[in-house]
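The block underneath contains the structure these notes are about, expressed in structure tokens.
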Amino acid sequence: MQPLWSQQAVLRAADIISTVEFNHSGDLLATGDKGGRVVIFQREQENKSRPHSRGEYNVYSTFQSHEPEFDYLKSLEIEEKINKIRWLPQQNAAHFLLSTNDKTIKLWKISERDKRAEGYNLKDEDGRLRDPFRITALRVPILKPMDLMVEASPRRIFANAHTYHINSISVNSDHETYLSADDLRINLWHLEITDRSFNIVDIKPANMEELTEVITAAEFHPHQCNVFVYSSSKGTVRLCDMRSSALCDRHSKFFEEPEDPSSRSFFSEIISSISDVKFSHSGRYMMTRDYLSVKVWDLNMESRPVETHQVHEYLRSKLCSLYENDCIFDKFECCWSGSDSAIMTGSYNNFFRMFDRNARRDVTLEASRENSKPRASLKPRKVCTGGKRKKDEISVDSLDFNKKILHTAWHPAENIIAVAATNNLYIFQDKVN
Amino acid sequence: MGTMFARGLKRKSPEDGEDMEGGLAGARATPSYSLQRQSLLDMSLVKLQLCHMLVEPNLCRSVLIANTVRQIQEEMSQDGTWRVVAPQAAGRAPLDRLVSTDILCRSVREQEGERPAPDVGDGHTADLVPGLAVVPSAQALRSPQSSLWEVDSSRENRGGFQKSLDQIFETLENKTSGSVEELFADVDSSYYDLDAVLTGMVGSTPSAHASGLQAFASAAAPPPSSSCRSDLGELDHAVEILVET
């Protein structure tokens, strides 16, 4: 059945949201913002006394992950903006996530405290030290319940390994290592070791003038811990196997779709630049996002994608204006649904697009406070490309290019999606299922 | 830009008659296409010049823009439409200086090495921060900027300026060292070196600032973006700092 999406919540953040990520169970949803803050939302458990609140996401924890820094050597600011958050698989009661800005990755532990010890021997209830000579008997402290407190503490700081701006982090399926990628290099880390990382990809040319291509995204394979992919600004994806050599400069597979000569223009390379690459949950496919489309690739076929979905083809005739106002460099992300049957990505005017791969249907929806009442289904949107504009359609020239949806996330198991529109986080869920 | 770019800028193909008049292969040389292409080139070069002073520029964006410039230059060279600048009065800094940041450094170094910079008031200021030398001479550069590359009718002068223009794209075609590093600052191997700054050496990041200042100083060409203007205030401030060091 086709899902009907309804707005469950809109949460206003203090700053522009720069990353959104569900954890592996979907119970927690983390957002990072331009101000270096991380806000984690938790899904409410089923509660008989408040049946409607099941499934609602409420703020669970907020903390300052990164602070602005100044690089004195280069006289440049290092932005505190959180570029990516990735959750570690949960191994005990605490939750762990990696958050990164342009230069430094941090491992955060988020833990709950709902008990407090009372009845210490050496100090009073209010914390004052007791005079040892006055203690005549010993007692065992008792744990008493207290109001839930969620604490976030930095456990590891992985710094000084990246000259260029970090664009991706990806936790390995071995749960022990992770990779971080910047414009020219990819490093492999062990989660326990902060003073060392291994460089596994280096595309920096000996002569910087020869630089024509940069790394745009990287990700580990979800099941094969020796395999990862990285995408480039030239629209290519390289799959590497870490078993083949220590420095994975030679790829095992090279994914590139031949260019369509009839649509060649000066902007061809820019719009072919891949802004995001994501493996499917199954590990059989991967998805790439370039400026105008989303492509699904079968890992066994390098010559061309198995699916190409147009996100906003109507922008093709506007590329020069989009180049002028820099929108052509916007980096849109993409994501898979839990079952890999659908994919989602953002667009302009607070539109986002969903493609049902099985039914071969797509829909354009809008994240907007004005246009959606809570629990009412979202109405599909349509962009009019020319000729007569029908009622409820919006013309290309009326699109607001400042309202861009770059970051979206899909719950790993259910039809719940999180969409970041500038300062606002929208959570939609499927009413029907 | 308006309707001229309504359909984007396409390479002319024989069948594509939609955008331009006529459907011939030679239509690439039509005035409207050339104008569009030139405009795109100018826009791209300005984008490369405008670096953020406080935060590192986005490397991916810079690479993509530089690649676009290279593509345009290749096509213009193939077309034979690559034109050179008419020689200006003696003492005027070459117009190619306005083109991109790396060229600014290159031109200044040439001035020091080959001839005393005539557009600098004092001989000795050329020994100090070269970037500053450019600042007062901004007026000299305010020549007709409607077209950076005008048709050169005199062939004798072609050689000298062709060389300068070649240098612009040499840097992008990686034949010479040091210039494009301004665009893709290799920060992990360079250290702050006051001497390097004062001698105008490229490759160290502080001189990236100096050359960035040059870019702003010499942006007498009408820039499409108005952010140039607001940066001139920063320019004054930064120039003060350099002078005091």
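The values are calculated or read from the model by the stated rules, or taken from the named source; none is laboratory data. In this text, all values refer to a predicted model and were calculated from it rather than measured experimentally. Please note: Cβ atoms are built from the backbone with ideal geometry, for glycine as well, and neighbour counts cover all protein chains shown. What goes into the accessible areas is simple: the full protein's heavy atoms, side chains included, and nothing from ligands, DNA or RNA. Shrake-Rupley method; radii C 1.70, N 1.55, O 1.52, S 1.80 Å.
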Legend entry - Positions within the range A:106-137 being at negative phi and in a loop (DSSP other than H, G, I, E, B), in sequence order: A:Tyr120, A:Asn121, A:Leu122, A:Asp124, A:Glu125, A:Asp126, A:Arg128, A:Arg130, A:Asp131, A:Ile135, A:Thr136, A:Ala137
Legend entry - Hits in the range A:57-88 (condition: among the acidic types (Asp, Glu) and in a strand (DSSP E or B)): A:Glu69, A:Asp71, A:Glu77
Inset, instruction - Among residues belonging to the range A:189-206 that are free of Cβ contacts under 8 Å to residues at least 24 places away in the same chain and either in contact with a Ser or Thr (Cβ under 7 Å, 6 or more places away or on another chain) or β-branched (Val, Ile, Thr) (or both), point out the one that is nearest to A:Phe332 (Cα to Cα). - result: A:His190
Inset, instruction - Test A:Ala14 against the criterion of being part of a strand (DSSP E or B), more than 14 Å from chain B (Cβ to nearest Cβ) and touching a residue at least 60 places away in the same chain (Cβ under 8 Å), and give yes or no. - result: no
Legend entry - Verdict on A:Ser252 being in contact with a Cys (Cβ under 9 Å, 6 or more places away or on another chain), more than 14 Å from chain B (Cβ to nearest Cβ) and of a type in the set (Ser, Thr, Tyr): yes
Inset, instruction - Answer yes or no: is there a residue in the range A:334-344 that is among the β-branched types (Val, Ile, Thr) and either in a loop (DSSP other than H, G, I, E, B) or modelled with pLDDT under 95 (or both). - result: no
Inset, instruction - Those residues that are open to solvent by 100 Å² or more (accessible area, probe 1.4 Å) and in contact with a strand residue (DSSP E or B) (Cβ under 6 Å, 6 or more places away or on another chain), I need them from the range A:149-172; list them, please. - result: A:Arg155
Inset, instruction - Could you tell me whether any residue of the range A:382-395 is within 26 Å of the chain's Cα centre (by Cα) and surrounded by 12 or more Cβ atoms within 10 Å (Cβ to Cβ)? - result: no
Legend entry - Subset of the range A:76-105 (residues that are open to solvent by less than 10 Å² (accessible area, probe 1.4 Å) and within 14 Å of chain B (Cβ to nearest Cβ)): A:Asn101
Legend entry - Unique match (being open to solvent by less than 60 Å² (accessible area, probe 1.4 Å) and among the hydroxyl-bearing types (Ser, Thr, Tyr)) among A:Ser280, A:Ser252: A:Ser280
Inset, instruction - Please specify each residue of the range A:144-172 satisfying the condition of being hydroxyl-bearing (Ser, Thr, Tyr) and outside any strand (DSSP E or B). - result: A:Thr163, A:Tyr164
Inset, instruction - Can you work out which of the residues in the range B:48-60 that are modelled with pLDDT under 95 and within 7 Å of chain A (Cβ to nearest Cβ) is farthest from A:Asn167 (Cα to Cα)? - result: B:Leu54
Legend entry - the range A:328-353 - residue that is within 14 Å of chain B (Cβ to nearest Cβ) and open to solvent by 10 Å² or more (accessible area, probe 1.4 Å) and, of those, nearest to the chain's Cα centre (by Cα): A:Lys331
Inset, instruction - Would you mention how many residues in the range A:378-421 are at pLDDT below 95 and either within 17 Å of A:Asp15 (Cα to Cα) or touching a helix residue (DSSP H, G or I) at 6+ places or on another chain (Cβ under 6 Å) (or both)? - result: 3
Inset, instruction - Could you pull out the residue among A:Asp290, A:Asp298 that is within 14 Å of another protein chain (Cβ to nearest Cβ) and either surrounded by fewer than 23 Cβ atoms within 10 Å (Cβ to Cβ) or of a type in the set (D, E, K, R) (or both)? - result: A:Asp290
